[in-house]
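I have placed the structure first, in the form of structure tokens, so that the comments after it can refer back to it.
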Amino acid sequence: MPLELRQVEKGDFADIAKLDQIACPNEGVVHIIRQLQRDEGMDVSTSFAQWIATGTEHHAGTFWKVVDSDTNEVVSVAKFTFQYHEGEAYQDTPTPPVEGETPLPKRLIEFFAWLNKISDEYAKDHFKGKPHAYLMYLCTHPGHRKRGAAGMLLEKGTQLADMAGLDMYLQASLMGVPLYRKFGFEVVRVGEIDLSQWGGDKLDSRTFMKRKTRGVRQ
């Protein structure tokens, strides 16, 4: 069952949404997002597919998947944000729907905006508006972990960052920290997020990690 690295295509979003449902525990931030969706009568997989598809054209060269070439199953996915221009905005905030799409509810958009402020503050403190890269999403099917799929995605993303001469940062779970260290990321800050105002019953944590580029910015 060899693994292959490929670019994500528009037809992959439904499969990625299913992967997210299987791989991501229903707790913390994930629980809040899914609960807000259910409160509005939304299908969780459909709304996730809408969110992960945001900015696809912008990220055409930095949205990757690993597939099992025998079954063509998507086993791992990573979406990187490359900000080549000073002060460029993040592209992962949900955008207004195109004609025919169901708009995201106001409460969910407000939660994403609140959550993104944490990322924006970190980027402002550590990059001062300078161009950089950000790993916004990485997910691996639990049945395919320990096969090197996530490592293939991180190798691709860090190579692209080095080619562009960009430092990169990410927000890791405690389980993910050892893997990210192998690719040159170091822990910069560990913070807690109080989810009580959104109906959460516990604090969530975020481990901010940063990687210095091994390339030269042109």
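We did not get these values from a lab; they are worked out from the coordinates using the rules stated. These numbers come from a predicted model, not from an experiment. Positions of Cβ are generated from backbone atoms using ideal geometry, with glycine treated the same way; all protein chains shown enter the neighbour counts.
Brief remarks follow.
- In summary, the helical segments of the chain meeting the span-like criteria, namely a full DSSP H run, a Cα extent along the axis of 24 angstrom or more and a mean Kyte-Doolittle hydropathy of at least -1.0, are 106-127.
- Its relative contact order, with pairs defined as Cα atoms under 8 Å and 6+ residues apart, puts the range 104-218 at 26 percent.
- The order of the peptides 190-197, 18-25, 134-141, 32-39 by mean Cβ neighbours within 10 Å, most packed first, is 134-141, 32-39, 18-25, 190-197.
- Of TRP64, TRP114, TRP51, the one that fluctuates the most in a GNM where the chain has Cα springs shorter than 10 Å: TRP114
- When you count the other C-beta atoms within 10 angstrom of each residue and take the mean per peptide, 176-184, 71-79 line up highest first as 71-79, 176-184.
- Radius 13 Å from Cβ of LEU19, net charge of other residues (Lys, Arg +1; Asp, Glu -1): -1
- The chain: C-alpha gyration tensor shape, a/c 1.5 cut-off, then a/b vs b/c: rounded
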